[in-house]
Every structure is written in structure tokens, then in C-alpha cells.
1. Quick query: amide H of residue 85 versus all other amide H atoms, modeled in the peptide plane; which residues come in under 5 Å with a sequence gap of 5 or more or a different chain?
2. Taking springs between alpha-carbon atoms closer than 10 angstrom, which of 12, 37, 119 fluctuates most in the Gaussian network model of the chain?
3. Please determine, in degrees from 0 to 90 and to the nearest 10, the orientation of helix 21-33 with respect to the longest principal axis defined by the Cα atoms of the chain, where the helix direction is its Cα long axis.
4. So for the chain, averaging the separation of alpha carbon pairs under 8 Å that are six or more residues apart and normalising by length, what relative contact order in percent results?
5. For 64, 56, give the ranking by accessible area with the largest first, probe 1.4 Å.
6. Leaving out ligands, DNA and RNA, what percent of the accessible area of the chain is carbon and sulfur, probe 1.4 Å?
7. Scan the stretch 1-74 for trypsin sites (Lys or Arg not before Pro) in coil per DSSP, keeping those whose Cβ has at most 16 other Cβ atoms within 10 Å, and list them by number.
8. Search the structure for amide H atoms under 5 Å from the amide H of residue 130, placed 1.01 Å from N in the peptide plane, and list their residues when 5 or more places away or on another chain.
Amino acid sequence: MSEKLNQAMAILKENGLKLTKRRKEILSFLIEENRYLSALDVFEFMSERYQGMSYDTVYRNLRDFSDLNLLEETEFHGEKKYRFSCNVNQDHHHHFICTVCGATKEINMCPMDMFKEQLPGCVIEGHRFEIFGKCENC
């Protein structure tokens, strides 16, 4: 089992969620894919392995994982997409996201430094910076 998966399973346990084979498989799939996927993508993957697994079960697990900050969410083409968080134990960073295949590339700078100067007296509580486009493979 990978270190990322071990960390994720520990977080599930700490938060009172059962460590089921299905949850482990969803997380493993997202870790392995390392790109943004729709709930339908995850459902199709899981349906091949678990006959009768419902879309609602997959979606509920994705929402739970996201609430625990195990997954990052974004939305493009009018659909919510998920990827395993690369921030579980790291400083924040931003992404370029391919709108065709969902691949991501880390952007190792933060544009917020420019905005702090323009917002004197304001307290920035959070932010998100994503660039969308086509990757070199698409």
C-alpha cells in the first residue's frame, strides 16, 4: 500500500469512517490516475469491479473524501471533477488543468502576493487559482 493511501486511510479512521475495501479501491484509483476525474469516471471504474454498486454510493464517498480534504475539487464543462489531493501534508500550490484529459501540472508560485498589496486592511481567508487549457498530449 502506498504512503498516500496509508495516510488517507488513517484520516478516514480518525474521522470515524469505516475502512472498507471499496473506499480503499476508490482512493487507490484516484491516486493512480493522478488527474481530475468525474464521479461518472469513478463509478464506471468501480462498476467493473463491484456489480450493483450505485452511483450514489460513489458520489457520497467522493463527497466524504472531499470534506476530509483527501480530494481536490474543480468544475469544468459544467461538471464537478475530483483528484486525490496533492496537499495532504504539503504547502498549498496551484494547478494547470487539461480540459480534455484532466491531467494536472503543479504551478509553484502564488499570484496572491500581487493581490495583497491591492487589498490593504483586508484579510484573505483562502483562495484558489487554476489555469485551464489543453496539455501537450491533447
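1. Long-range HN contacts for residue 85: 71, 72.
2. 119
3. 40
4. 20
5. Heavy-atom accessible area, descending, gives 56, 64.
6. It is 47 percent, rounded to a whole number.
7. 18
8. Close amide H contacts, sequence-distant or interchain: none at all.
The values are calculated or read from the model by the stated rules, or taken from the named source; none is laboratory data. These numbers come from a predicted model, not from an experiment. Every residue, glycine as well, gets a Cβ built from its backbone with ideal geometry; the counts of neighbours run over all protein chains shown. The accessibility values were calculated without ligands, DNA or RNA, using every heavy atom of the protein model including side chains. Shrake-Rupley method; radii C 1.70, N 1.55, O 1.52, S 1.80 Å.
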